[in-house]
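Structure, as structure tokens:
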Amino acid sequence: MTAHAGAPVFSIGGGAGFAGDRTDAAVRLAASGEVNAIGLECLAERTLIAALTARAADPEAGADPRLRRRLSPLLPHVRRSGCRIISNLGAANPCSAARKVVALARELDVGSLRIAAIEGDDVMGQLDKVRWEEALPGRLIGAHAYIGSQMIARAIDEDADIVITGRAADSALFAGPLLPHLDQAPEAIAMALTVGHLLECSGQVTGGNYERPGGGGLDARSLADLGFPIAHVQRDGTAEITVLDHDPGIVDRLTCTLQLLYEVHDPSRYITPDGVVDFTTTRIEEIGPRRVRVSGTGFRPAPRDLKVVGFAEEPGMIADVEMGLAGSGAHERALRAADVLRYRLRDWPQEDLRIDIVGIDSILGGASRPANAAANELRVHVSARCPDVEAAQIIEDEVYALTLSGPGGGGSLRSEKRRNIATVTGFIDRDAVPLSLTWEASR
Amino acid sequence: MRVGDIAVGRSGDKGDILDLTLVAVDDEAYRFLEQHLTAEMAARALSRAMPGTVTRYAVPGLRALKFVIPGALPGGVHASLHAGMHWQKSAISILLDLEIDER
């Protein structure tokens, strides 16, 4: 059967936009029978750092620790509706993740599943071939190349039900299963990457993290049950973005445009391992309620180099500590508490110190708008880059000491001490990043 | 004119690069923002929160403007001294709350 030009040849859902994303919307997508595949984007800089840390302590760890919670409700639908799952939840250990999926499939007795793990993005073994943009500011704890869709497509061609990767580019999770179904014109490749970029942040294209001017956005109940996106893609790559009929959500020109341009920097050259795409020619048309047609993205071949993300651990840590103040005069007491800390910490290197007030200026700093009413509760906040654990403890103790020796009524303390890990960018020739496919089967 | 009354926006990051997007609600709003919301004006507003040089990208076909600031987030999200993590996802409110003189 030959599909006519306007008929979709493949439908794919965006089932997760980060490691901690909700699991229920993807289950509804899988159960609907409307999608051939679901991409689960579960890996960011922060989560990869956590995975590398876990793997350093236990060689079998390093996959997304939420694997079980996310996949348990999905696996039964993989068999039942033939919906494939592609995810980078392998994080720092895709093969271990694949073994865990097999164990889970057996435990849930969901029948025979073929699981492919793609490895090779970890480039710690070939660091001599990585060119960093800047000198590494500390000890490198991990380095991963952003890999493209080719090996994912191969795994699916070899009949994988589930494909697990490490640091695959977000768009590749979607372009991988999609591309083999499209004509191989450059415009179709560009559109597969466009679809990937539109779907990779789940609810951000269906009305999440979105406010219409003057209000009229989604209410709390709708946001609580927010539907995740579906792309119905034609052979030439033209895609229709929508949500399931019974799921709440907004899909319109504004939600799609915001997501299309999200974190792409120069819109005329968004660089992915599968090609450089040009969104300045992309057309976004509303063709029905909650249905948008996307087409026209431009394409140039990918550069030879793959981008590398590295994590450099600098000595010491960051202390992030708060104390709350409540009731009448909370603002004045919070300002006074902040000043007490400025006196107490006056010898601390000022570039490594930040003292502000949660509720006033802890997010936007000097760009915050002036408070236009007295708040009933505020929190004085300190973050400090500390040379060692002991120094971080001093910061925490100085905030806590305000409860005895600061302005009246301080309490509700909160403290976080995190490692001081900088993200660094580098490049590596793609020929220096050989990838491998490892198979597991649940029967 | 408050920018957020005629446009929607979102901010994010890659490494140390802050990346802000505005999409105008209609053609008239886009023409206004394209003409008035210059890189210099955005840089002035953002400079009170972070350092950096602002590059503006205009995408008339999508009625969108992007503002990109390399080096605005030294060390990336994990190394920030702002309270909590991922403060930069809130940074778009600096541009949405910007008032532009219509004359």
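What the table shows:
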| item | result |
| --- | --- |
| Amide hydrogen neighbours beyond the local backbone of A:Asp252, cut-off 5 Å, H modeled | none |
| Three-way shape call for the stretch A:211-362 based on the alpha-carbon gyration tensor, with the a/c threshold at 1.5 | oblate |
| Percentage relative contact order, chain A, counting C-alpha pairs under 8 Å, at least six apart | 18 percent |
| Mean ellipticity per residue at 222 nm, deg cm²/dmol - from DSSP H runs of n ≥ 4 across the protein assembly as shown, formula -39500 (n - 2.57) | -8000 deg cm²/dmol |
| Length-normalised contact order of the stretch A:237-352 in % [C-alpha pairs under 8 Å, at least 6 apart] | 22 percent |
| Between the stretch A:74-132 and the stretch B:34-84, the alpha-carbon center distance in angstrom | 37 Å |
| Whole-Hz couplings from phi, Karplus 6.51/-1.76/1.60, listed for the stretch A:209-221; x for Gly and Pro | 6, 7, 10, 6, x, x, x, x, x, 6, 7, 4, 4 |
| Accessible area (Å², per residue) of the stretch B:39-103, counting only protein heavy atoms and a probe of 1.4 Å | 41 Å² |
| The stretch A:398-443 versus the stretch A:281-335: alpha-carbon centroid distance in Å | 15 Å |
| Filtered trypsin sites (Lys or Arg not before Pro), the stretch A:313-400: DSSP coil and at most 12 other beta carbons within 10 Å | A:Arg346 |
| Highest to lowest packing among A:307-313, A:190-196, scored as the average C-beta count within 10 Å | A:190-196, A:307-313 |
| Cα-based helix-to-principal-axis angle, B:27-36 vs chain B, degrees rounded to 10 | 60 degrees |
| Solvent-accessible area per residue for chain A (1.4 angstrom probe, square angstrom) | 41 Å² |
| Under 5 Å, built H, 5+ apart or other chain: amide partners of A:Cys42 | A:Asn88, A:Leu89 |
| Cα centroid separation, the stretch A:161-202 to the stretch A:353-367 (Å) | 40 Å |
| Cα radius of gyration and Dmax for chain B (Å) | 13.4, 42 |
| Per-residue average of Cβ from other chains inside 10 Å of B:22-31 | 2 |
| Whole-Hz couplings from phi, Karplus 6.51/-1.76/1.60, listed for the stretch A:174-183; x for Gly and Pro | 9, 5, x, x, 7, 3, x, 8, 9, 5 |
| Overall Cα dimensions of the stretch B:49-103 - principal axes, largest extent first, Å | 39, 22, 19 |
| Karplus-derived HN-Hα couplings along the stretch B:81-94 (A = 6.51, B = -1.76, C = 1.60, θ = phi - 60°), whole Hz, x at Gly and Pro | 9, 5, 4, x, 10, 6, 4, 5, 5, 8, 5, 4, 5, 4 |
| Among A:407-416, A:131-140, the order from most to least packed when residues are scored by Cβ within 10 Å on average | A:407-416, A:131-140 |
| GNM top mover of A:Glu314, A:Glu396, A:Glu200 - chain A, alpha-carbon springs below 10 Å | A:Glu396 |
| Distant-in-sequence amide H partners of A:Arg269 (H built 1.01 Å from N, under 5 Å) | A:Phe279 |
| Per-residue mean of C-beta atoms belonging to partner chains within 10 Å, peptide A:248-259 | 3 |
| Sequence ranges A:16-29, A:96-109, ranked by mean other-Cβ count within 10 angstrom, highest first | A:16-29, A:96-109 |
| Lys pairs under 18 Å by Cα in the protein assembly as shown, provided they are eight or more residues apart or on distinct chains | 5 |
| Counting DSSP beta bridges with both ends in chain A, the antiparallel % (nearest 5) | 85 percent |
| For A:364-370, mean number of other protein chain Cβ atoms within 10 Å | 6 |
| For the stretch B:48-66, residues shielded by at least 20 square angstrom of accessible area compared with the chain on its own, probe 1.4 Å | B:Arg48, B:Ala49, B:Tyr57, B:Val59, B:Leu62, B:Arg63, B:Lys66 |
| Total accessible surface hidden between B and A, rounded to 100 Å², 1.4 Å probe | 4100 Å² |
| Carbon/sulfur fraction of accessible area - chain A, other protein chains in place, 1.4 Å, % | 50 percent |
| Rounded accessible area of A:Tyr146 (nearest 10 Å², 1.4 Å probe) | 50 Å² |
| Cα radius of gyration and Dmax for the stretch A:273-386 (Å) | 23.8, 62 |
| Accessible area (Å², 1.4 Å probe, nearest 10) - A:Glu34 | 80 Å² |
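The values are calculated or read from the model by the stated rules, or taken from the named source; none is laboratory data. Remember, predicted model here, so these are calculated numbers, not experimental data. Cβ atoms come from the backbone with ideal geometry, glycine included; neighbour counts cover every protein chain shown. What goes into the accessible areas is simple: the full protein's heavy atoms, side chains included, and nothing from ligands, DNA or RNA. Shrake-Rupley method; radii C 1.70, N 1.55, O 1.52, S 1.80 Å.
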